[in-house]
Amino acid sequence: QGLVRNPAARVSIIGHTDSTGSDAINNPLSVNRAASVRDYLTARGVPVAAIAIDGRGSREPVASNDTADGRARNRRVEIFMAEPAR
């Protein structure tokens, strides 16, 4: 709701993958994850112009890719919101 009511707010959505598969698979997959979140937000009234997306593939893991739990944690989307200073 805050994004819809604050037209000055900007959102950055970053998609990530685990290390399973090649960069040729993971890089577009991470962008597609971010795009899915963008589409979800725009369907709920957030202006598409307020959203930037990016994919990082498997380059920025938050956990070890040696375990199923670690790989699951690395398959994620991060959302950052910024508002201009008042």
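Any read-out appearing in this document is the output of simple, stated calculations on the displayed coordinates, not a laboratory observation. Please read all numbers here as calculations on a predicted model, not as lab measurements. Neighbour counts are summed over all protein chains in view; Cβ atoms, including those assigned to glycine, are modelled from backbone coordinates with ideal geometry.
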Can you tell me the dipole magnitude for region 2-82 around its Cα centre, using point charges on the Cβ only (Lys, Arg +1; Asp, Glu -1), in Debye to the nearest 20? 320
For region 37-43, 3J(HN,Hα) per residue [Karplus equation, 6.51 cos²θ - 1.76 cosθ + 1.60, θ = phi - 60°, Hz, x = Gly/Pro]: 5, 4, 4, 4, 5, 5, 5
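For the chain, state the average projected area of the convex hull of the C-alpha atoms over all orientations, rounded to one decimal in nm².
Numbers: hull surface 25.0 nm².
For the chain, the mean projected area of the Cα convex hull comes to 6.2 nm².
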How do 76-84, 10-18 rank on mean C-beta neighbours within 10 Å, highest first? 10-18, 76-84
With the charge dipole of the chain built from beta-carbon charges (+1 for Lys and Arg, -1 for Asp and Glu) about the Cα centre, the Cα from 27, 14, 50 projecting farthest to the positive end belongs to 50
Using each residue's phi in region 10-24, evaluate 6.51 cos²θ - 1.76 cosθ + 1.60 at θ = phi - 60° and report the 3J(HN,Hα) Karplus result to the nearest Hz, with x for Gly and Pro. 10, 10, 10, 10, 10, x, 9, 10, 7, 8, 5, x, 8, 4, 5
Tell me the mean residue ellipticity at 222 nm calculated for the chain from its helices only (DSSP H runs of n ≥ 4, each -39500 (n - 2.57), averaged over every residue, nearest 500). -11000 deg cm²/dmol
